[in-house]
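What follows is one structure encoded as structure tokens, with my remarks underneath.
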Amino acid sequence: MAKQRITIGAIVEIDLGDNTYSYAQLLDGGSAFFDLRTSEKIKNVKELAGAKVIFILRVYDDVITSGRWKKIGKLPIREELEVLPMKFMQDELNPNSFELYNPNTGEITPATREECKGLECAAVWEAEHVEERIRDYYENRPNIWVEKMSIK
């Protein structure tokens with residue numbers, strides 16, 4: 001795998017290991033994963049310009065820099081992806097203690113359980129866990145990593 005740089009706006013191709021591919025766009029502080037799984041690699045990244053996003057999360061830098069997810073092009077970042085969604089944090093030792101994390105500013109504020117419902121957990125993901133999550137999404141089955149990081 002060829003080394004590559006992290007480039008905001010880049011589109012990466014994700015080999016799901018089952019002869020299918022999915023795609024994501026690198027954002028400032030996260031990645032938007034598109035609702036597309038295909039057995040044929042896309043030929044033009046413009047096909048993704050209006051694609052639905054299934055989730056936004058952060059992956060470790062080496063997922064990109066190692067070339068595991070290959071950059072195949074670049075698109076302008078859509079307006080709705082310019083501001084990353086809030087994330088939640090739950091204290092493992094005090095499960096009734098919640099905080100909101102703003103990935104755009106780094107700000108952390110106290111929150112209620114109710115305010116955190118429906119949000120992604122603040123975490124950095126490994127490539128294989130994201131790939132498994134995408135496969136699970138298309139197989140309509142729960143994902144172990146989402147469940148482990150869900151509100152307790």
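The values are calculated or read from the model by the stated rules, or taken from the named source; none is laboratory data. It should be emphasised that the depicted structure is a prediction, and the values quoted were computed from it without experimental measurement. Note: ideal-geometry Cβ built from the backbone for every residue, glycine included; neighbour counts use all protein chains shown. Areas reflect the complete protein model, heavy atoms only, side chains present, ligands, DNA and RNA absent. Shrake-Rupley method; radii C 1.70, N 1.55, O 1.52, S 1.80 Å.
A Förster distance of 22 Å, applied to the separation of the beta-carbon atoms of N104 and V124, puts the FRET efficiency at 0.85.
Cross-link reach is defined here as a Cα-Cα straight distance under 21 Å, omitting same-chain residues fewer than 8 places apart; for K74 the lysines meeting it are K3, K41, K43, K46, K52.
Is region 64-141 rounded, prolate or oblate when judged by the Cα gyration tensor, a ≥ b ≥ c being the square roots of its eigenvalues, rounded requiring a/c under 1.5 and prolate requiring a/b larger than b/c? List each step's numbers first, then the result.
Details: a/c = 2.10, a/b = 1.51, b/c = 1.39.
Verdict is prolate for region 64-141.
Under the shape rule built on the C-alpha gyration tensor, where the axes satisfy a ≥ b ≥ c, region 45-89 is oblate, since a/c reaches at least 1.5 while a/b does not exceed b/c. Each eigenvalue of the Cα gyration tensor of region 21-110, multiplied by 5 and square-rooted, gives one semi-axis; in descending order these are 29, 14, 12 Å.
Restricting to Cα pairs below 8 Å that are 6+ residues apart, what does the relative contact order work out to for region 1-127? Please round to a whole percent.
Details: 237 pairs, mean separation 30.2, N = 127.
It rounds to 24 percent for region 1-127.
In region 51-129, the portion of solvent-accessible area held by carbon and sulfur atoms comes to 50 percent [1.4 Å probe, whole percent, DNA, RNA and ligands not counted]. Pairwise alpha-carbon distances in the chain exceed 23 Å for 38% of all pairs.
Within a Cβ distance under 14 Å of I6, other residues only, what is the Lys/Arg minus Asp/Glu net charge?
Numbers: positive: K3, R5, R58, R68, K70, K71, K74; negative: D28, D61, D62.
That works out to +4.
Here each label is just a point 7 Å from Cα along the line to Cβ, and for D15 and I151 those points are 4.0 nm apart.
Derived from the Cα gyration tensor, the three semi-axes of the equivalent ellipsoid of region 3-62 are 18, 14, 12 Å, largest first. Segment Y138..T65, full-extension length gain: 23.6 nm, with 0.36 nm per residue of separation and the alpha-carbon distance subtracted.
Estimated at 0.36 nm per residue, the fully extended path between E47 and A2 surpasses their Cα-Cα distance by 13.7 nm.
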